[in-house]
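First comes the structure, then the notes that go with it.
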Amino acid sequence: MTLLALGINHKTAPVEVREKVVFSPDGLRRALAAFVDVEGVSEAVILSTCNRTELYCNVDPDSRAAITRWLSDYHRLDIDDLNNYVYCHPGQDAVRHMLRVASGLDSMILGEPQILGQMKDAYNIAAEAGTVGTLLGRLFQHTFLVAKQVRTDTAIGASPVSVAFAAVSLARQIFGDLSQQTALLIGAGETIELASRHLHDSQIGRMIVANRTVERAHTVAAEFDAYAISLGDVASHLEEADIIISSTASRAPLLTKSMVKSALKKRKHRPIFIVDIAVPRDVEAAVGDLDDVYLYAVDDLHDVIEENLQSRHEAARQAEEIIEIQVAHFMGWVKSLDAVDTIRAVRSGAEVVRTEVMNKARQMLAAGRPAEDVLQYVAHTLTNKLLHRPSVNLKMAGYQGRRELIKAARELFELKNDN
């Protein structure tokens, strides 16, 4: 079996492709159950965010094609099209990739912290679904510890850089002073909370938070003196919004071209700035064709984000050094697993011999033999029985000129290399 990390991300695939392979939170357990039914897959975790969908698994070495086929079939995609965007990291490269992802080094926003929480959620769901075993369990725990070390020992997260921060920065570039603007935030997850905080710090005039669960919208709104509504009320409040930031898990667009066109008419064509962070997208692409609409998808924020990354580059180099050391540590543990079966067999054989000798010793004591004689028997017999087979094999190795085996034996038993 071998570790494998296979997927697509913002570097290899545009949002139009990424949104087709998203696993919904509600369907993740069902997907995991189907995935571990693939021949050769023994453990699995699925990470699915707006910027990446990745399958982490413990598989037979020749299972890549079957896994890619499963991913394409599950989402009803043409496998040849999907292969244009998929990357695959086996073994040590899979470990390195996971550590880089968890530490924010593979993110669109260098050092962003949200991905670690998303990886923890993905692991917990897989663990509850019973698709995590010894290897992935150990790898994910190691990954979380390394990501924490990177955060602690470097300045990778020192600057306020995130998709939410980039969205609000772009809004400031377009509107300047935000104190007279109204922002409509659709969703109530971590990204929307961050956007709300940045807008509040930028002294936004008014905020409206819309969510499928109104109670959750109220929770976010209360912290920032905002107004909470349900998703069903978005259309009636659309004309009020100068800034719209949307990030939900909806499978279908929430804002259509006709809805926004109607709102623009009521606004007398005052411009609307829209940032659609969701994957799949919350806003129909055709909305961008409307005059007086500035529509940005998550990929469009890259240039804004790039301006805020300079302070993190040196920290990233330090983080890469930490990761290389920790990859070596984990792979050392993986290699040690090769010896486990051998150690178990050696111990099992020794325990059989011990049981035989102890049973004989008890019989001798019961027959009235002196304790000193019994102790001599136990020591002599255990020594002979445990060392007989290694001694025979070492003599044969010497006869055959297999010096490497003799050298290994001296190392194994910590013998001095006397000539």
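Just so it is clear, none of the values below were taken in a lab; they were calculated from the coordinates. Remember, it's a predicted structure, so these values are computed and weren't measured experimentally. We place every Cβ from the backbone using ideal geometry, glycine too, and count neighbours over all the protein chains shown.
Remarks
- Rounded to the nearest 20 debye, dipole of the stretch 344-412 from Cβ charges on Lys, Arg, Asp, Glu: 300 debye
- In the structure shown, the pairs LYS360/LYS395; LYS11/LYS261; LYS20/LYS257; LYS20/LYS120 are assessed against 25 Å; a Cα-Cα span above that value is assigned to LYS360/LYS395; LYS11/LYS261.
- Which labelled figure in (1) 34; (2) 56; (3) 52 is percent of Cα pairs over 30 Å apart, once derived from the coordinates: (2)
- DSSP bridge orientation in the chain - percent antiparallel, rounded to nearest 5: 45 percent
- Distances between placed amide hydrogens fall under 5 Å for VAL275 paired with ILE244, ILE245, SER246, TYR296, all partners being 5 or more residues away or on another chain.
- Assuming charge only on the beta carbon of Lys and Arg (+1) and of Asp and Glu (-1), the dipole of the chain about its Cα centre is about 1700 debye to the nearest 20.
- For LYS395, the shell of other residues with beta-carbons less than 13 Å away shows a net charge of +2, using +1 for Lys and Arg and -1 for Asp and Glu.
- Degrees separating the helix 403-412 axis from the principal Cα axis of the chain, which is the longest one: 80 degrees
- Amide H contacts under 5 Å for GLU43, placed H, 5+ residues apart: ASN58
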